[in-house]
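The values are calculated or read from the model by the stated rules, or taken from the named source; none is laboratory data. Given the structure is predicted, the values throughout are model-derived calculations rather than measurements. Cβ sites come from the backbone with ideal geometry, for glycine too, and all protein chains shown count toward neighbours.
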Amino acid sequence: MRVSSSHPAYLELLATGELARRVERALDELSPCRVCPRGCAVDRRADRIGVCRIGRRARVASAFPHFGEEEVLRGRRGSGTVFFAGCNLRCVFCQNWEISQKAAGEELSAAELANVFLWLERQGVHNFNWVTPEHVVPQALEALLIAAEKGLRLPVVYNTSAYDAAVSLELLDGVVDLYLPDFKLWTPELARRYLGAADYPEAARAALRTMQRQVADLQVGPDGLARRGLLVRHLVMPGLLEETKAILKFLAEEISRDVYLNLMDQYHPAYRVGGERYPELNRRLTSSEYREAIAYARRLGLWRFAR
């Protein structure tokens, strides 16, 4: 599963003019908005605010070389993360709620966002990493086109909650090199309670199938850096091992037993969890819960664990 090529996928689309056509199609999805599974249908192209709390222009909370991502992404020089403000989910345990729920960040034009991408490349990062991009796919593509025309050559990491619309993923086919979805919950009832979206599990399953079809299992270059493929994250949560097991079973049986998996243990109570409404989540994960999750993954034949 090692490859030598490091050319980003979108260069071929740029050369044929297809990237520019994708941008126009993506912008059309803003009016009425169908960019994410919410389908809130507001006219974001006219700068009306959607469920995500974002209008025509993307908001960026921060952008910097990130050394906390998976080793295959961060390498020695970091992953160039762009943290988009706003979100189409309402996770009660969100650790970045000021960015996601208050949409704290700077509103940028396409040209200004393109300059952010180019600045990250000048910092020497290995890739640039769109964090929480589900609701700003048109804006990100618009900026990518400008940056690519100015010489951008970094691969794209699409770092998502997996609450993505089919139309957005179709527009990203041949653009994204590395998909990094975080599959959160399996059952609609818990997704409604903790994420504010009962249809999340269905949307996430469909999204992961599409991502796997587009880029396949993760391929790593001789330098140890990811080149292309799917890397799945899942945060193991206290008391929700059955959710974890259902997600792992889906990955093993419907995605690939060779899927690259980051089974995360860093859950801690945050945002709205500290009150009385969600007492079941108001504790940290135990070491025995995490060990059971890892053991179950191995029993299913999953073996490629991220560091």
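Which pairs turn up if I take residues in segment 201-219 that are at negative phi and outside any helix (DSSP H, G or I) and look for partners that are hydroxyl-bearing (Ser, Thr, Tyr) and surrounded by 17 or more Cβ atoms within 10 Å (Cβ to Cβ) with beta carbon separation below 9 Å, at least 6 apart in sequence or on another chain?
ASP217/SER256; ASP217/TYR260; LEU218/TYR260
Among the residues of segment 224-250 satisfying the criterion of being out of contact with any helix residue (DSSP H, G or I) (no Cβ under 8 Å at 6 or more places or on another chain) and crowded, with 18+ Cβ neighbours inside 10 Å, which is nearest to ALA204 (Cα to Cα)?
Out of the qualifying residues, it is ILE247.
In the list PHE83, PHE117, PHE93, which residue meets the criterion of being among the hydrophobic types (A, V, I, L, M, F, W, C) and part of a loop (DSSP other than H, G, I, E, B)?
On the way: PHE83 fails: part of a loop (DSSP other than H, G, I, E, B); PHE117 fails: part of a loop (DSSP other than H, G, I, E, B).
Step by step, each of PHE83, PHE117, PHE93 is checked, and only PHE93 is among the hydrophobic types (A, V, I, L, M, F, W, C) and part of a loop (DSSP other than H, G, I, E, B).
Report the residue count in segment 236-251 for those that are in contact with a strand residue (DSSP E or B) (Cβ under 8 Å, 6 or more places away or on another chain) and farther than 30 Å from TYR10 by Cα.
The qualifying residues number 4.
Quick check on my filter: what residues within segment 96-114 are surrounded by fewer than 23 Cβ atoms within 10 Å (Cβ to Cβ), in a helix (DSSP H, G or I) and modelled with pLDDT under 95?
TRP97, GLU98, ILE99
Give me the pairs, please: first residue somewhere in segment 280-291 and hydrophobic (A, V, I, L, M, F, W, C), second residue anywhere and outside any loop (DSSP other than H, G, I, E, B), beta-carbon distance under 8 Å, and either six or more positions apart or on two chains.
So the pair list comes out as LEU281/TYR194.
Among (1) hydroxyl-bearing (Ser, Thr, Tyr); (2) under 25 Å from LEU178 (Cα atoms); (3) in a helix (DSSP H, G or I), there is one condition TYR267 misses while meeting the rest; what is its number?
Of (1) hydroxyl-bearing (Ser, Thr, Tyr); (2) under 25 Å from LEU178 (Cα atoms); (3) in a helix (DSSP H, G or I), only one is false for TYR267: (3).
What number of residues within segment 120-160 satisfy the criterion of being in contact with a Ser or Thr (Cβ under 9 Å, 6 or more places away or on another chain) and in a strand (DSSP E or B)?
Number satisfying all stated conditions: 7.
Buried (at least 24 other Cβ atoms within 10 Å of the Cβ), of a type in the set (S, T, N, Q) and in contact (Cβ under 8 Å) with a residue 24 or more places away in the chain - does that describe any residue in segment 178-191?
Among the residues of segment 178-191, not one is buried (at least 24 other Cβ atoms within 10 Å of the Cβ), of a type in the set (S, T, N, Q) and in contact (Cβ under 8 Å) with a residue 24 or more places away in the chain, which makes the answer no.
I need a count of the residues in segment 34-57 that are aliphatic (A, V, I, L, M), farther than 15 Å from ASP164 by Cβ, touching a residue at least 12 places away in the same chain (Cβ under 8 Å) and in a loop (DSSP other than H, G, I, E, B).
So the answer is 1.
So how many residues does segment 16-33 have that are in a loop (DSSP other than H, G, I, E, B) and on the phi < 0 side of the Ramachandran plot? Let's see the steps before the verdict.
Kept after step one, since they are in a loop (DSSP other than H, G, I, E, B), are these residues of segment 16-33: 17, 29, 31-32.
After this cut, where a residue has to be on the phi < 0 side of the Ramachandran plot as well, the list is 29, 31-32.
Matching residues across segment 16-33 total 3.
State all residues of segment 5-38 that are surrounded by fewer than 19 Cβ atoms within 10 Å (Cβ to Cβ), within 14 Å of VAL137 (Cβ to Cβ) and out of contact with any helix residue (DSSP H, G or I) (no Cβ under 9 Å at 6 or more places or on another chain); if no residue qualifies, say none.
The answer is GLU24, and nothing else.
Which is closer than 22 Å to GLN212 by Cβ, assigned to a loop (DSSP other than H, G, I, E, B) and at pLDDT 95 or above, of LEU251, LEU302, LEU285?
Of LEU251, LEU302, LEU285, the one residue that is closer than 22 Å to GLN212 by Cβ, assigned to a loop (DSSP other than H, G, I, E, B) and at pLDDT 95 or above is LEU302.
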